[in-house]
Amino acid sequence: MAHASPPHRPVAAGIDLGGTKIEATLFGADLLAITARRTPTPNASYGALLAALEHEVQWLRRQAGCEDLPVGIGMPGLVDAQTGVTFAANLSANGQRLSPDLRDRVGGTVVAANDSQCFTLSESCGGAARNHRRVFGLALGTGVGGGLCQDGRLVPGLNGMAGEIGHYGISALLARTHDLPLLTCGCGRVGCYETLISGTGMANLATALIGAPRTARSIGAHLDDPGNQRVMAVWADLAGELLHTIMLHVDPDCIVLGGGLSNIPDLDTYLAAAVDRAALPRARRPEILKPAFGDSSGCRGAALLARDLHNRM
Ligand SMILES: [Zn+2]
């Protein structure tokens, strides 16, 4: 008779690769973290970044006592699933084949994917959206990212960009109504939602609306201030319009919020009211959920991706 895996037996690892730090986490069969560590991201060269990642994979595999432990990497930017080429402006892996190159060094299953997509997978599989089939993950952090899962699997795409909704252009009606600035986005386009509704975007909104460059953290912490209330009201109008756009494109059962802004108290309530104002008449609003795994969800999703790929091979 077969026995289920002990919950703490290591099965996969996730690496959260950010512009400033690399966080490596080992996960057990219950997909809870066993151990983790952080190291600064080397930005001097692609070779230095590869060497640092190789070091982390070796550490994770030593901790697990498993030479071919599957490892997933969640990173900002786009990862082309066919070629492995990554497009990440703030990493020295831009235009490189990160996961194939790392796999050449360490062997075994190594896969890289967009961090918001990893977050969405994590929340779909045993997370806040575990009881939903069609799940959109919306990461509101330094940038705005997203991902789409159907029945616990990420929906793949030609360029790996399904869910990159931060780069839609803002509504002309809202731009005119609130006299909003058209700012250049990190992607090179002008007037993307990301420029006004990400964490830095909320600060841009504060500058435009009340002439004060307040951080998203301070706005969220002082919502009794009339200026901050004005910023939040316009932010919610914009974010509600973006959620309406998501509904038109993928009609999800639920939207799971992630990123630093998801920590603002009652953000889900603000968004629900804003969606009701923006959505088509009689459209049923998807459930708007807070994440179950917080900041570590992206890392968990990367590990899940690697485990599933390993099991299919
Ligand atoms: Zn953009």
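Please treat every number below as a calculation from the coordinates, not as lab data. This one's a predicted model, so the numbers in the text were calculated from it and none came from an experiment. Counting neighbours? That spans all protein chains shown, and the Cβs are built from the backbone with ideal geometry, glycine included.
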Taking only C-alpha positions in the chain, Rg and Dmax in angstrom work out to 19.8, 69
Ordered by fewest other Cβ atoms within 10 Å, a rough proxy for footprinting exposure, Phe87, Phe27 read Phe87, Phe27
How many percent of DSSP beta bridges within region 1-118 run antiparallel, rounded to 5?
-> 65 percent
Which value in nm describes the separation of the simple spin-label points at Asn159 and Asp68, placed 7 Å from the Cα toward the beta carbon?
-> 3.6 nm
Ranked list, fewest to most other Cβ atoms within 10 Å of each Cβ, for Thr142, Thr86 = Thr142, Thr86
Helix-only mean residue ellipticity at 222 nm for the chain, each DSSP H run of n ≥ 4 adding -39500 (n - 2.57), per residue, nearest 500 = -12000 deg cm²/dmol
Distant alpha-carbon pairs in region 85-208 (separation over 19 angstrom), percent = 58 percent
Label-point gap, in nm, between Gln150 and Arg105 - each point 7 angstrom along Cα→Cβ | 3.7 nm
Projected label distance in nm at His249 and Asn43, using a 7 Å step from Cα toward the beta-carbon = 2.9 nm
What percent antiparallel are the DSSP beta bridges of the chain, to the nearest 5?
-> 60 percent
Any idea how far the Cα center of region 5-68 sits from the one of region 77-117, in Å?
-> 15 Å
For region 135-181, just say rounded, prolate or oblate: build the C-alpha gyration tensor, square-root its eigenvalues into a ≥ b ≥ c, call rounded for a/c under 1.5, and beyond that prolate if a/b exceeds b/c, oblate if not.
-> prolate
How much net charge surrounds Leu53 when only the other residues with a Cβ under 10 Å from the Cβ of Leu53 are counted, with Lys and Arg +1 and Asp and Glu -1?
-> -2
Residue farthest toward the positive end of the dipole of the chain, with Cβ of Lys/Arg at +1 and Asp/Glu at -1: which of Ile170, Val250, Leu53?
-> Leu53
Arrange the following residues from fewest to most other Cβ atoms within 10 Å of their Cβ: Met202, Met232.
-> Met232, Met202
Going by the alpha-carbon gyration tensor, a ≥ b ≥ c the square roots of its eigenvalues, is region 201-313 rounded (a/c under 1.5) or, if a/c is not under 1.5, prolate (a/b greater than b/c) versus oblate?
-> oblate
Express in nm, to one decimal, how much length is gained between Asp276 and Asp225 on full extension, taking 0.36 nm for each residue of separation and deducting their alpha carbon distance.
-> 15.9 nm
Using the per-residue mean of other Cβ atoms lying within 10 Å as a proxy for protection, in what order, highest first, do the peptides 224-230, 257-263 fall?
-> 257-263, 224-230
What ³J(HN,Hα) values, in whole Hz, does the Karplus curve 6.51 cos²θ - 1.76 cosθ + 1.60 give for region 148-158 when θ = phi - 60°, with x put for Gly and Pro?
-> 10, 10, 10, 6, x, 10, 5, 7, x, x, 4
